[in-house]
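The values are calculated or read from the model by the stated rules, or taken from the named source; none is laboratory data. Please read all numbers here as calculations on a predicted model, not as lab measurements. Reconstructed Cβ throughout: ideal geometry from the backbone, glycine too, with neighbour counts over all protein chains shown.
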Amino acid sequence: MTANRISVYGLVGFIAFISGGWLLQRAESDAAADTYANARVFEEVLQHVASYYVDSLSEAQLYDLAIDGMLESLGDPYTAFLRQRELRDLTLSTTGNYGGLGIRIDVRDGWITIITPLPDTPADRVGLEPGDRIVEVEGVSTEGWSSSQAVNELKGEPGTDVRIKIMRPGYSELLPFTVTRAMIHVNSVGTATMLDREVGYVSLATVAETTAREFEEAVADLVDRGATSLVLDLRNNPGGILMQGVGVVDLFLGQGEIVVETRGRASGASRVYRSTSEPRWPDIPLVVLVNQLSASAAEIIAGALQDHDRALILGMSTFGKGVAQLVFRIGENQALRVTTSKWYTPLGRTLQRTAEADARESLVALLPGAADSTHSDSSSVFVTPSGRELFGGGGIVPDVTVASAEISEEQQLFADVLGSGVPIYQDVLTSYAIEIMGRDEPLSGDVTISDDMLDEVRRRLDSRGVAFDNAQWAQVDGIVERQFGYVLTRYLIGRTREAELRARNDEQILAALRFLTQVQSQEELLALVPDSDDQGVTTRAPAGISN
């Protein structure tokens, strides 16, 4: 982009900002004359730039730049103009539905490879299989495509067709398929399983249109299987629909209890949301896991349960995204997302970070062994019904802060040798697992990684330029064995069993399990939190190898 182009972008954006009353038609009647004058100034500038600027820019492009410049000047990353692709992505994240084929894919050996077709989807019905390589889409080779590029090309309006060609092991020719897209639903519940005979575990990947119902069904199934306590995993959950978050909390709080409050300037923006029904599980001991990427509606869930003494919050401090937006459709394929209010927990704690630096700082703590970087505001003290003190400052500071395990000497060596070859390593593990899956060998019990398998992994890494000498391999082969065991379990048994195996080395899950196995009630659970001069007692789970 030339310096001149940058200058004109800034000029157009600035003028768009000062004439924002014209763009939004929000000027009051006594300012109508000024608004009209600003509109004329803007139109004159736009016409001169369109006619005389050294690079060719259409009026449509200039209007787009003006809109983007105005919204960017607000300094709010959540207020944005959504064009067709952004609007489609928002629809997927909030509804869990999209038009597509119903397949999980990844890049293997440079090709788009089907990991699994989802049951009763177009891909399943036409006979696509795990391990199939999608080598063409609408006559275009997919070699070198990223998985996100493939997803964008394969998605589309339900009822439309997409022509693909498949390379399948055992077939000498490409197999052509025409698949009719349909509406695909993505479950909010990532994993639901038993950590032991009495502790259930549910992870929520997002807070979408059917999250509350899916979560309730998952918990009910675990209770039927013997769960007397529960771990709710909200780590890496970016949030989503406010009322679905309220619906999750509703299952644990008494009827009429405050879940969250919104406060805003516009009419209807300020509102108190309460639980609407009697709780289904009012007494089950509950630990909620959070981390730096738990945000938005996920923070509403954690904050409400913490304020009411209904859960022990464990992990790392959350992101601190405590603002709500409304989406206004503009035409068929565009929309304006506007921040209209801020969220507050039942005790009145703001969820929004007090400074953007806090949100950026929290991301640093993603490094293994890093301390929690969030500093609560001790000048704002809030007291729960049981007398526990919580502090403000934005985000949710856990009752017990559990950091990830520090990197071991073997892990550091492994990382140093891999270097930029991490994608190659991941590709080798998954492509080899898919190859083994295609052999249809019988499996009884868990997978076992043999010495021959480890030798083959090493050979494939070496052939692709990632080489370990004998001494190095002797130190890291245990890491490779464990990680390949996870991947092979995913393909031969399923993601639920993979999650169960990973839990054995998950610091936060181990800590939650340790707490829950000592108690019979929520009161006993909260009583285990050590006294501290500040919220967020730092501890560590039993030593183990992190994922």
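When you look at S294, is it at pLDDT below 95, buried (at least 24 other Cβ atoms within 10 Å of the Cβ), polar (S, T, N, Q) and within 21 Å of G348 (Cα to Cα), yes or no?
yes
Being of a type in the set (V, I, T), surrounded by 15 or more Cβ atoms within 10 Å (Cβ to Cβ) and part of a strand (DSSP E or B), is that true of even one residue in the range 169-187?
yes
Every residue, every condition in (1) at pLDDT 60 or above; (2) in a helix (DSSP H, G or I); (3) on the phi > 0 side of the Ramachandran plot; (4) among the hydroxyl-bearing types (S, T, Y), yes or no:
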| site | (1), (2), (3), (4) |
| --- | --- |
| A16 | no, yes, no, no |
| G21 | no, yes, no, no |
| D30 | no, yes, no, no |
| T35 | yes, yes, no, yes |
| A50 | yes, yes, no, no |
| L65 | yes, yes, no, no |
| Y78 | yes, no, no, yes |
| L87 | yes, yes, no, no |
| L92 | yes, yes, no, no |
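Sort out which residues of the range 130-168 are of a type in the set (G, A, S) and either buried (at least 17 other Cβ atoms within 10 Å of the Cβ) or touching a residue at least 12 places away in the same chain (Cβ under 8 Å) (or both), and write them in order of number.
G131, G139, G144, S146, S147, A150, G156, G159
With the structure loaded, tell me whether I479 is out of contact with any Leu (no Cβ under 7 Å at 6 or more places or on another chain), β-branched (V, I, T) and part of a helix (DSSP H, G or I) or whether it fails that test.
The answer is yes for I479.
Is it true that I424 is at pLDDT 85 or above, assigned by TED's automatic domain parsing to the domain that holds G478 and either surrounded by fewer than 16 Cβ atoms within 10 Å (Cβ to Cβ) or not in a loop (DSSP other than H, G, I, E, B) (or both)?
no
Identify all residues within the range 223-247 that are in a loop (DSSP other than H, G, I, E, B) and at positive phi; write none if there are none.
G226, N236, G239
Say we look at the range 250-275 and pick out the residues that are in contact with a Phe, Trp or Tyr (Cβ under 9 Å, 6 or more places away or on another chain), crowded, with 21+ Cβ neighbours inside 10 Å and not aromatic (F, W, Y); which of these is farthest from E217 (Cα to Cα)?
Checking each candidate, the answer is V260.
Going by the conditions given, is L363 of a type in the set (A, V, I, L, M, F, W, C), modelled with pLDDT under 80, more than 22 Å from R502 (Cα to Cα) and under 20 Å from the mean Cα position of the chain (by Cα)?
So L363 fits the description; yes.
Any residue at all in the range 304-313 that is surrounded by fewer than 20 Cβ atoms within 10 Å (Cβ to Cβ), part of a loop (DSSP other than H, G, I, E, B) and not basic (K, R)?
Yes: one or more hits.
Okay, residues lined up against (1) closer than 26 Å to Q520 by Cβ; (2) without any contact (Cβ under 8 Å) to a residue 24 or more places away in the chain; (3) not acidic (D, E):
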site	(1), (2), (3)
L195	yes, no, yes
L230	yes, no, yes
G239	no, no, yes
V260	no, no, yes
G264	no, no, yes
S275	yes, no, yes
E278	yes, no, no
P282	yes, no, yes
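Quick one: E129 ticks every box in (1) among the charged types (D, E, K, R); (2) at pLDDT below 85; (3) outside the structural domain of I164 (by TED's automatic domain parsing) bar one, so which box is it?
Evaluating E129 over (1) among the charged types (D, E, K, R); (2) at pLDDT below 85; (3) outside the structural domain of I164 (by TED's automatic domain parsing) leaves (3) as the failure.
Give the residue that is surrounded by the most Cβ atoms within 10 Å (Cβ to Cβ), with candidates limited to residues of the range 486-525 that are among the basic types (K, R) and not in a loop (DSSP other than H, G, I, E, B).
R490
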